[in-house]
Structures are given as structure tokens and as C-alpha cells.
Amino acid sequence: MTALMLAANERQFQVIAFLLEKNPDMNVQGNNGMTALINASSKGYHEIVELLLSKNPDINIQNNEGWNALMFASSQGHHQVVELLLSKNPNIIYAQANNGYTALMLASGIGHHQVVEVLLSKGDNIINIQDNNGWTALMFANSNGHHQIVKILLGHTVLIAASANGNHQVVELLLHKNPDINMQANDGLTALMFASCNGHHQVVELLLSKDPDINIQNNDGQTALMGATLIGNYQVVELLLDNNPDINIQDNSGLTALMAASSSGHHHVVELLLSKDPDINIQNKNGVTALMFASSTGFDQVVRVLLSKNPNINIQDNTGWTALMFGVADGHYQVVKLLLSKNPNINIQNNEGMTALIFACSNGHHQVVELLLSKDSNIDIQHKDGWTALIFASSNGYLDIVETLLNKDPDINIQTNNGETALIAASCNGHRDIVEVLLFRDVDINIQNNDGWTALMFCIANEHYHVVEVLLRKDPDMNIRNNHGITTLMLACSKGHHQVVELLLTKDQDINIKTNHGSSALMTASCDGHHQVVELLLNKDPNINIQDNDGWTALIAASANGHHQVVELLLSKNPDIDIQNKNGMTALMFASSNGHHQVVELLLNRDPDVNIQNIYGGASLMLASIFDHHHVVELLLHKNPDINTQDDNGWTALIAASTYGHHRIVELLLSKDPDIDIQNKDGITALMAACSYGHHQVVELLLSKGTNIDIQNNIGLNAFTFCLFCSMFFTSDDAQHQLQSGNYAKTFELLINSPQFNHIHSIDNVKLHSLAVAAIYNSFDAVAILMKNCDLTPENIISAFTRACYEGHSSMMLHLSEKITTLSVHERKLLVAAAEGDLGTLISMIYEAGMSLDTPLVAGITPLMIAASSGHAELVEALIEAGADVNKMDDEGLNALEIVNDIEKML
């Protein structure tokens with residue numbers, strides 16, 4: 001036995017609560033198969049059971065004899081525990097022990113009537129379960145003389161079971177024992193309900209002889225009468241009615257017996273019910289009446305019987321539907337005919353504004369439509385969105401209904417809330433036959449919806465071209481524009497259907513009409529590359545130079561998108577080839593920028609001005625160069641453009657191509673001998689631009705043309721220093737890639753090995769060697785190349801070391817110090833310790849090697865200056881405390897404080 005089992009057995013609540021916090025295995029069984037839950041249940045410790053159940057133990061576990069917790073609690077009469085266990089799993093009542101016993105058998109045999117009632121409330125068939133010897137709970141109760149329980153069992157289950165099965169002989173025997181005839185099963189059903197809903201009229205007759213409460217309702221609110229009417233059992237209904245039930249009782253959904261019979265089509269039963277004068281106009285919770293039920297399901301015989309009682313035929317349900325609407329919606333012709341004989345208000349509208357006629361037309365019930373029209377329906381009533389019966393029928397393609405409606409002379413031009421008409425609806429959905437019928441009635445073909453669309457526009461947009469031809473016979477206004485200024489011709493042009501365009505062009509129209517944005521039909525077709533359509537339009541001599549609100553022409557649009565066939569057609573009409581849009585772009589510029597070389601070639605054959613500049617100063621050659629379109633550049637160069645044209649920022653085609661590393665473009669441009677050293681507004685040359693991104697192939701090409709390597713930009717940097725600057729302060733992903741790929745190193749090497757390269761550079765008005773400049777920018781690549789390729793003097797290296805110190809580049813100082821041969825072993829150690837912040841080595845060198853704190857290491861630079869430059873604050877503090885001279889100056893007259901201040905200014 002576990003601690004939990006022991007505590008449960010001894011009713012130790014606090015101990016159990018403590019143990020449960022440790023999440024023990026709740027289902028551990030002792031040698032006899034008992035669990036903690038079974039122990040507590042058998043003792044009736046309901047508070048312990050409740051606590052254990054909070055941990056969700058397996059409630060179905062049985063001990064060695066097959067007994068579970070419920071069986072123990074039931075056998076001991078612990079009804080509170082029984083209720084707790086059943087709340088967790090009602091199905092446990094069906095479990096049987098090894099000998100076949102159930103909890104009900106145990107409670108019945110011992111006489112625990114409260115437990116028996118609890119168990120019976122959870123299951124209807126448990127009374128008939130038998131043990132291994134064939135005994136039932138009733139037998140156990142009877143053999144032990146528990147008459148109260150026998151009565152409960154007999155009344156609760158046997159009578160109900162016999163009644164449900166139609167065993168009238170058993171029922172008759174049971175009734176002699178005077179059982180509780182009104183007792184209800186778990187779902188609220190009584191013996192009378194079971195017998196009635198199953199049609200057992202003999203049983204019903206027997207039960208009625210005992211004066212049961214005939215109006216008792218089950219859990220769903222249904223009575224015995226409702227059950228009988230649902231299945232249409234005439235005899236049972238007749239028997240029940242003889243006992244004067246409340247015929248108007250409604251179930252939980254508001255259903256009455258009359259509604260039940262009507263919805264099921266049992267007209268004989270309906271007649272019986274009507275003989276008792278029920279409230280025929282009662283509505284269920286949705287507002288539906290018996291007449292509505294019968295009408296919606298098409299039971300015309302029921303409808304006929306109901307109408308004989310003169311119900312309110314115009315009652316509406318919660319959504320505004322009437323019985324007529326229900327009959328019409330599903331096309332129940334006979335029902336509709338019967339309802340119309342009572343002269344209903346045929347024009348009533350539901351909550352959506354639908355009438356019976358609108359329902360019939362929208363659902364295609366032609367015969368019903370004819371019936372309704374015979375009653376002079378208001379044919380032009382509109383539902384909440386403004387749709388009429390004619391619009392619905394036209395939209396859905398019901399030709400026969402449309403023809404029938406038209407015979408009643410409806411307002412054929414009525415518009416919906418969105419402005420659609422019957423013609424628009426039919427055209428939109430491609431119903432040619434309906435369009436023809438409507439046109440025969442002289443419909444207004446030019447009506448526009450709220451967006452300005454006509455029937456013809458919808459046909460074209462939805463590609464119903466077989467309808468277009470029909471509409472065109474009525475000579476629609478071809479110049480109508482929708483709210484965006486678009487015409488039917490423009491829509492057809494955008495679709496590219498040349499056959500439709502050809503049809504449309506047979507009608508007189510202004511071919512140069514523009515949309516709100518200023519586009520014409522020709523522009524639309526040209527932009528989308530529909531060359532067959534363009535050819536048709538050009539035959540009508542449109543204004544080929546029309547510009548839209550952004551200044552675009554048909555030629556610009558076609559050129560920008562590379563539609564060379566369209567461009568060729570447009571050029572045959574001699575357009576103004578040099579027209580510029582609002583940004584100053586021409587057709588040639590767009591074609592060049594986008595790399596459409598076939599279009600460029602066509603345009604160049606018309607001798608355009610190749611030097612026109614856009615509002616930013618860019619010309620065709622520059623645009624092609626920026627985007628690396630070498631075929632286009634080659635074509636443009638054959639026209640000898642001004643190769644030195646500069647944009648508003650001073651860029652030339654060469655500078656642009658060099659910046660982006662387009663070496664093939666650069667090579668082509670250089671073949672035309674451009675001014676290779678032109679500077680942009682920042683003073684940058686093509687060489688500087690190429691160097692800034694490490695484009696070594698371009699640098700090599702430019703150097704081969706003798707570019708001036710010493711030109712300085714606006715901040716005093718030449719190609720070499722600019723390259724160093726950019727390699728140090730790269731920001732873009734492209735620059736990062738260039739650096740990682742070693743392209744800057746290749747660029748440095750090209751510059752340094754160039755015959756024009758000058759090793760003396762002016763930095764802040766100070767003349768410095770290339771090595772010193774490389775040190776300033778902390779470029780190890782440049783330093784390595786210079787050391788490899790140049791004859792460097794000790795003075796060059798010392799100068800570079802000095803500049804590295806002034807810039808705070810400790811790693812560069814260490815690197816350069818290895819090349820300084822004048823340093824002793826101790827001095828080198830002292831320098832390294834100062835640069836690396838190694839206080840221990842520095843103290844050792846001073847106190848053990850006997851070196852001065854102010855030892856000048858290189859060019860008068862002391863350990864204090866190196867430590868300060870390298871940012872080693874603790875080391876600086878230690879040196880000062882040890883007596884280092886803060887005012888000591890190097891060979892250029894600077895002390896440690898001045899060096900640090902200069903570094904901070906740079907940062």
C-alpha cells in the first residue's frame with residue numbers, strides 16, 4: 001500500500017493534499033487491486049474523493065474482483081460519492097465486476113434507494129443488464145424485499161421500455177401495479193411519449209386509461225402529441241386528441257404539433273388537429289407558421305387544408321418571409337396557386353426587400369412567375385440593393401422569364417443602387433439572347449452605372465465578344481467615358497483583341513479621347529504591345545503625338561516596354577521622336593535605360609537628338625552606361641553623341657560606368673576618346689569612382705589611357721587616397737564584397753605600379769609619402785603592397801609609424817615597428833608593451849632593465865604617447881604615477897595630450 005492509499009484509507013485530507021503536490025501516480029494498485037480512489041470511495045469520504053478526482057485518476061480501474069470505485073460507493077450507499085464519480089464519467093455505470101454485478105445491482109440488492117435514483121438518472125438501459133447468473137437489478141431488489149426500490153425500478157424503466165417497444169401486454173400487467181406513469185427518463189421522455197412517437201396506438205390507449213399528464217414536455221419541450229404528429233400516426237393522434245391536450249404547446253424552438261405535422265406533410269393529421277381549432281397563426285422562434293412550413297416543403301394538400309381555416313396569409317417571419325415567398329423560392333407551383341387563391345399581398349417585401357416575384361425570377365421558376373403576374377404584381381419593385389425582378393432574370397440568363405416580364409411593360413431602364421440596368425446585367429454575364437430581347441424594347445443602351453460603365457464596356461471587359469456585335473447594331477455612343485475617362489475602345493485595346501477593335505472602329509468615334517490620366521487608345525495598345533491593334537488604330541490617323549498627364553506618348557510607352565513591332569509601326573507615321581515626358585525622358589532614353597537594343601536601333605534610324613538630357617541632366621548614353629547595356633551603348637556611339645555630357649551632379653557616362661564597374665562599357669566609351677579626367681560636382685573623376693569600389697578592371701583600363709592619377713577631389717583626396725579612404729569606411733554590401741574579394745588590394749597595386757604614380761601626397765597641407773598615407777587609413781593591404789613594390793627608406797617607415805600613432809592605430813604601429821631596425825631589443829619590448837597595454841612587461845622593462853619612462857622609441861615618441869594613442873587608460877595612469885613626463889614632446893613637437901586630443905577630434 002502506498003502512502004497515498006494509506007492516507008485515503010485513514011481520511012488524512014492534509015496529508016493527501018501535500019502528497020498530491022508531488023504529482024504521484026494516481027493509479028497505483030495494491031496487492032488486492034485497490035487504489036487510493038477506490039479506498040476513499042468505499043469509505044464514503046466524499047471530500048477526499050473530490051480532492052483525488054482533481055488530479056484526473058483513471059476512474060475505471062477495477063480491483064482483483066472487478067469492482068471499481070462506483071461499485072464500492074453504491075454498495076455502501078454513499079450517494080454523494082456516487083454523484084462525484086458519475087460527474088467525471090457517466091458511462092462507468094455500465095461496468096460489470098467479475099461476477100457480472102453492476103453498481104445498480106449492488107445498490108438495489110442492498111436497498112440504497114437514493115443511490116438507485118442517482119444511477120437511473122444517468123442511463124436508461126442499465127436496469128436490463130444481467131449478471132453471470134442472469135439476474136437483474138430488479139431481481140436483486142425483489143429477492144431482498146426492497147419494495148420501494150422495486151417500485152422505482154418498475155416505474156422508471158420497465159414501463160418506459162415496454163411502452164417504447166410496443167409490448168401492450170406487458171404494459172397492461174405493469175399498469176396493474178400503479179407505477180408512476182408520468183415518470184420521465186433522462187431526456188425527459190415519458191412512457192406515453194415513447195409509445196406515441198413510435199406509433200404504438202394500443203399502448204397509448206392503455207396509458208391514457210390511467211389519466212397521465214398528457215402535456216408533459218421532454219427536455220426539448222416536445223409533448224406526446226408532437227411526437228405522434230411528426231411521424232404522422234393518425235390513430236395515436238386521434239387517441240391523444242380525445243384526451244384534450246393543450247394543442248398550442250410549443251417546444252423549445254417554438255414548434256407546435258400543427259407545425260410538426262405540416263412540415264412533415266401529414267395532411268390527414270393536420271385535418272385532425274384543425275378539428276380542435278388550434279391557433280393556426282402561432283409562430284415559432286424564427287417567426288415561421290404552420291402554413292410557411294407546408295409552403296416551403298411543397299405539401300400542397302397540407303396547404304389546402306390549412307387555407308380552409310383562413311390563416312393570416314400575410315404573416316412574415318423574423319426575416320420578413322411570407323408563406324407565398326417560401327412556396328415561390330423553391331418553385332412549388334401548386335402551393336403558389338393555392339396561396340394566390342386567397343389573394344395575399346403579393347408585393348410584400350422581406351427584410352432584404354425581396355418580393356415573391358423577385359424570388360421566382362431570380363431562381364428561374366417560369367411557371368410561378370406567370371402565376372404571380374396574373375395577380376398584377378408590381379413588376380418594378382426594387383429590393384434593398386435596387387435590383388428588380390427583370391434585372392435578376394436578365395443577370396441569371398432566364399430568357400423565358402425576361403420575355404414574360406417584358407410583356408408586362410416594366411421600366412426597362414430602372415437602375416440598381418450601383419447604377420446597373422437589366423441590359424448591363426445581361427451584358428456583363430454574356431447573355432446574348434436576353435440582350436437581343438431587351439434591345440428590341442428600345443432600352444437606353446448608353447446608361448452608365450455609378451462607375452460610369454455601360455453595357456458595352458462590361459461586355460468588352462468580360463470578353464463577351466458575341467454580345468458586342470449585338471450592342472453595336474444599336475449605335476451606342478462610342479465616346480462615353482467611365483469615371484476614369486476610359487472608353488469602350490480603350491478597354492478593347494487594353495485586352496488586345498484586334499477583331500473587337502476592328503468592329504468598334506466601324507463606328508464613328510473620337511479616336512483621340514483621353515482618360516483622366518491623359519492616355520489615349522493608341523497609348524493603351526502601344527504600352528501593352530498589341531501591335532495588331534496599333535496597326536488598326538493607325539489606319540484611322542490618330543494624333544500620334546498626344547501626351548498623357550505625365551508627358552508620355554504612344555512611342556515613349558512602346559519604347560519603354562521594348563515592344564519593337566509597335567515602335568516600328570508608330571515610326572511609320574513619323575511621330576515627334578524627341579518629345580520628352582515631364583521628367584524629360586524621351587523614347588530613346590527609356591529604350592536605352594531598359595536595354596531594348598532592337599527598339600534603340602529602330603529609333604536611331606530616325607536620327608533622334610541623342611544628346612537630349614532629362615530634368616536631371618542624364619542623356620541616353622549615360623542611362624545605358626549606368627545599367628550596363630553594352631549593345632545599346634555600342635549603337636549610340638555610332639551616332640557620335642557628346643560623350644562628355646554631364647548631368648546635374650556632374651556625372652558623365654564614363655564616370656557612371658566606372659562607378660558601377662561596367663568594364664565593357666568603359667572600354668567602349670574609351671574608344672571614343674572622352675575627357676577622361678572630367679570631375680563631377682564633388683570633384684570625383686572616373687578613376688576615383690572606380691577606385692572607390694575596388695573595380696580594378698576599370699582602373700586598369702583608365703590607367704592605360706593615361707588618366708591623371710594626382711587630381712584631387714573637393715576634400716583633397718586623389719585616386720590613391722580616395723581608394724584608401726573608401727576601403728576604410730565602406731558602408732554598402734557591394735563595397736563589403738569588393739573588400740572581401742581582394743579587389744581593393746588589386747586596385748592599390750595597379751595605382752602604385754602605374755608610371756604616373758607620385759608617392760608624395762598632400763594631406764592637410766602636409767607632404768606625406770604613400771606609406772604614411774596608407775598608415776593614416778590603417779590599410780594593411782596598401783602597406784604590404786608598398787613594402788613589396790617600392791624602395792622604402794627608414795625615414796618613410798618612421799614617418800608612417802608616426803602617422804599611425806597620431807591616428808590611434810595600435811596594430812599598424814606594431815606592424816610598422818617590425819621594419820624599424822634602429823630599435824634595440826629592450827626598446828622594441830617597451831614599444832610592444834605600450835601598444836598592447838601590457839603593464840607587467842612595461843614595469844619589468846623600466847625597473848628590471850633600467851629603462852627610462854620617457855625613453856624616445858621612434859621619432860621622439862615615448863611609451864606614454866603610444867599607450868595614450870592606443871587608448872590604454874590604466875597604463876597611461878600608471879606611467880604618470882610612476883613619473884612619466886606628460887609634457888615631453890616628440891620630434892614634431894607634440895606631447896601625449898595633444899596626440900590624444902587630435903584623435904578625439906577625428907572621432
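Please order Cys459, Cys691 by the number of other Cβ within 10 Å, starting at the fewest.
Details: Cys459 30, Cys691 33.
Result, fewest neighbours first: Cys459, Cys691.
On alpha carbon coordinates alone, what is the Rg over Rh value for the range 1-54, Rh being the Kirkwood radius? Before the final figure, lay out each step's value.
Details: Rg = 9.7 Å, Rh = 10.7 Å.
Radius of gyration over Kirkwood radius for the range 1-54 works out to 0.91.
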Amide H contacts of Ile861 (H built 1.01 Å from N, under 5 Å, at least 5 apart or other chain): Asp891
Mean-position separation - Cα centroids, the range 779-809 and the range 286-340, in angstrom: 104
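Ordered by packing density, taken as the mean number of other Cβ atoms within 10 Å over each peptide's residues, highest first, how do 425-434, 632-641, 50-59 rank?
The most tightly packed comes first, giving 425-434, 632-641, 50-59.
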Sorted by Cβ neighbour density within 10 Å, fewest at the top, the residues Asp300, Asp578: Asp578, Asp300
Kirkwood Rh in Å, taken over the range 1-145 so that all alpha-carbon pairs contribute: 15.2
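Can you give the helix-only mean residue ellipticity at 222 nm for the chain, where every DSSP H stretch with n ≥ 4 adds -39500 (n - 2.57) and the sum goes over all residues, rounded to the nearest 500 deg cm²/dmol? Numbers along the way, then the final one.
Values: 56 runs with 457 residues, N = 907.
Per the formula, -13500 deg cm²/dmol.
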Reachable lysines from Lys705, criterion Cα separation under 17 angstrom, eight or more residues apart if same chain: Lys672
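Just list whichever of Lys122/Lys151; Lys177/Lys276; Lys88/Lys151; Lys22/Lys122 have alpha carbons separated by over 24 Å in the model shown.
Values: Lys122/Lys151 18 Å; Lys177/Lys276 34 Å; Lys88/Lys151 29 Å; Lys22/Lys122 34 Å.
Violating the 24 Å limit, Cα to Cα: Lys177/Lys276; Lys88/Lys151; Lys22/Lys122.
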Rounded FRET efficiency, nearest 0.05, which uses the C-beta distance separating Asn178 from His484 and R0 of 56 Å: 0.05
Peptide ranges 158-166, 388-396 listed from the most packed, as the mean C-beta count within 10 angstrom indicates: 388-396, 158-166
Debye intensity ratio in log₁₀ form over the Cα atoms of the range 147-243, taken at each q of 0.16, 0.22 Å⁻¹: -0.56, -1.06
Per-peptide average of other Cβ atoms within 10 Å, ordering 332-343, 593-604 highest first: 593-604, 332-343
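Counting alpha carbon pairs within less than 8 Å and at least 6 residues apart, what relative contact order, in whole percent, applies to the range 758-907? Kindly include the intermediate steps, with their values, before the conclusion.
On the way: 196 pairs, mean separation 27.3, N = 150.
Relative contact order for the range 758-907 comes out at 18 percent.
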Coarse-grained scattering of the range 448-534 at q = 0.12 Å⁻¹, given as base-10 log I(q)/I(0) from a Debye sum over alpha-carbon atoms: -0.29
Evaluated at q = 0.13, 0.15 Å⁻¹: base-10 log I(q)/I(0), Debye formula over Cα of the range 464-617: -0.57, -0.74
Likely footprinting exposure, Ser196, Ser779, Ser374, fewest C-beta neighbours within 10 Å first: Ser374, Ser779, Ser196
Reachable lysines, given that their alpha-carbon falls under 19 Å from the alpha-carbon of Lys514 and they are not under 8 places away in the same chain: Lys495, Lys540, Lys582
Whichever lysines have a C-alpha closer than 20 Å to that of Lys474, once near sequence neighbours (fewer than 8 apart) are set aside: Lys507
Spatial separation of Cα centroids for the range 204-229 and the range 169-193, in angstrom: 11
Calculated volume of the Cα convex hull per residue in Å³ (choose from [x] 178; [y] 300; [z] 231), label: [y]
For the chain: relative contact order, % (alpha-carbon pairs under 8 angstrom, 6 or more apart): 3
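First obtain the Kirkwood hydrodynamic radius of the range 793-907 from its Cα pairs, then insert it into the Stokes-Einstein equation at 25 °C and 0.890 mPa s, and state the resulting D in µm² per second as a whole number.
Numbers: Rh = 13.7 Å.
For these conditions, the coefficient is 179 µm²/s.
Read the figures in this text as sums done on the coordinates, not as results from a lab. Bear in mind that the values here come from a model prediction, so they are computed numbers and not experimental data. Every residue, glycine as well, gets a Cβ built from its backbone with ideal geometry; the counts of neighbours run over all protein chains shown.
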